[in-house]
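What follows is one structure encoded as structure tokens, with my remarks underneath.
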Amino acid sequence: MDLVKNYTNYYEFTFNKEDSTHLAHKLNINPWSVEIIGEVENPLTLQMEDLLKQQAPQEFVYRLRCVEGWSMVVPWIGFPLASLLKRVKPLSTAKFVKFTSVHQPETMRNRMLEWPYVEGLRIDEAVHPLTILAVGMYGEILPNQNGAPIRLVVPWKYGFKSIKAIVKIELLKNAPTTTWNKYAPKEYGFYANVNPSVPHPRWSQFSERQLGSRFFSPRRQTELFNGYGDQVASMYKDMDLVHFF
Ligand SMILES: Nc1nc2c(c(=O)[nH]1)N[C@H]1C(S)=C(S)[C@@H](COP(=O)(O)O)O[C@H]1N2
Ligand SMILES: [Mo]
């Protein structure tokens with residue numbers, strides 16, 4: 001757990017994976033609300049307390065594979081995104097979901113990218129049962145640096161899709177522009193499905209360094225869809241995964 005807590009990517013604060021632990025402590029997460037709007041019948045703004053009351057948190061043990069080539073196993077506490085989206089009644093015109101992180105410029109002082117951090121999914125990906133909103137990990141409340149109070153986790157995609165500190169969820173007709181894709185479109189695709197046979201332009205994605213394994217362990221061979229192919233491959237059956245990387 002110490003490893004997951006102290007090796008985080010939180011670029012609004014820093015490039016450094018250790019410094020985000022103390023820098024993110026300054027984030028103000030109380031009160032917190034999440035707005036769910038767009039192509040929905042019943043738009044909502046939910047206070048964090050109410051949101052939690054309506055969802056029964058469960059544990060989901062997932063492998064997290066970062067695009068940088070490391071991975072770890074994290075026991076998240078959360079609930080399927082689908083169960084929250086059900087409450088706003090998506091219209092048939094809702095084809096994509098856009099997620100926006102909080103932006104608190106007083107504490108988020110790294111100027112690397114344009115903030116707020118934005119991510120997106122196709123609607124079928126968003127309502128897939130593996131896609132969760134996490135509010136905790138290791139049986140405890142989510143630490144700030146890991147995305148408190150609420151973050152997305154999409155286990156078959158590279159870690160950058162799993163956006164932290166969500167304040168807004170918008171259902172859209174068209175694909176949103178997302179932070180990493182806008183910054184370097186040739187390096188970070190919209191889909192970002194884990195795929196060992198599509199290298200990043202600057203490094204291979206064939207294998208990964210496993211963080212937190214107890215003993216020295218060799219690099220793990222990266223699996224297509226991070227090993228979740230049985231459950232998700234059907235969503236991409238007619239798609240060229242090299243073109244739509
Ligand atoms: N808002 C926000 N969300 C984010 C990031 C970020 O910098 N800002 N980093 C992403 C990246 S690159 C990864 S690998 C994961 C890391 O999650 P962890 O730090 O909890 O392990 O969070 C993702 N979500
Ligand atoms: Mo990442």
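The values are calculated or read from the model by the stated rules, or taken from the named source; none is laboratory data. All figures in this text were calculated on a predicted structure; none of them were measured in a lab. Cβ placement follows ideal geometry from the backbone for every residue including glycine, while neighbour counts extend to all protein chains displayed. What goes into the accessible areas is simple: the full protein's heavy atoms, side chains included, and nothing from ligands, DNA or RNA. Shrake-Rupley method; radii C 1.70, N 1.55, O 1.52, S 1.80 Å.
Details
- Looking only at the stretch 36-51, residues that are touching a Pro at 6+ places or on another chain (Cβ under 9 Å) and open to solvent by 70 Å² or more (accessible area, probe 1.4 Å) come to 3 in all.
- Test: Thr107 is in contact (Cβ under 8 Å) with a residue 24 or more places away in the chain and closer than 16 Å to Arg151 by Cβ: no
- Hey, Leu224 free of Cβ contacts under 8 Å to residues at least 40 places away in the same chain, among the hydrophobic types (A, V, I, L, M, F, W, C) and either surrounded by 14 or more Cβ atoms within 10 Å (Cβ to Cβ) or touching a helix residue (DSSP H, G or I) at 6+ places or on another chain (Cβ under 6 Å) (or both) or not: yes
- Any hit, the stretch 49-64, residues being assigned to a loop (DSSP other than H, G, I, E, B) and within 16 Å of ligand 2 (Cβ to nearest atom): no
- Among (1) in contact with a strand residue (DSSP E or B) (Cβ under 7 Å, 6 or more places away or on another chain); (2) near ligand 1 (Cβ under 10 Å from one of its atoms) - the single one Tyr7 does not satisfy: (1)
- Of the residues making up the stretch 97-135, those that are open to solvent by 10 Å² or more (accessible area, probe 1.4 Å), charged (D, E, K, R) and over 15 Å from Asn9 (Cα atoms) are Lys98, Glu106, Glu114, Arg122, Asp124.
- Residue satisfying all of: in the stretch 41-70; hydrophobic (A, V, I, L, M, F, W, C) and within 16 Å of ligand 1 (Cβ to nearest atom); farthest from Leu81 (Cα to Cα) among these: Trp70
- Only one of the numbered conditions (1) assigned to a loop (DSSP other than H, G, I, E, B); (2) touching a residue at least 60 places away in the same chain (Cβ under 8 Å) is violated by Asn195, and that is (2).
- Residues located in the stretch 7-29, provided they are open to solvent by 60 Å² or more (accessible area, probe 1.4 Å) and touching a residue at least 60 places away in the same chain (Cβ under 8 Å): Phe15, His25, Lys26, Asn28
- Exactly one residue out of Lys98, Lys164 is assigned to a loop (DSSP other than H, G, I, E, B), in contact with a Gly (Cβ under 7 Å, 6 or more places away or on another chain) and either more than 13 Å from ligand 1 (Cβ to nearest atom) or modelled with pLDDT of 95 or more (or both), and it is Lys164.
- The residue of the stretch 176-206 that is farthest from Val88 (Cα to Cα), among those that are β-branched (Val, Ile, Thr) and open to solvent by 20 Å² or more (accessible area, probe 1.4 Å), is Val198.
- Residue in the stretch 136-175 that is nearest to Val73 (Cα to Cα), counting only those that are crowded, with 19+ Cβ neighbours inside 10 Å and charged (D, E, K, R): Lys157
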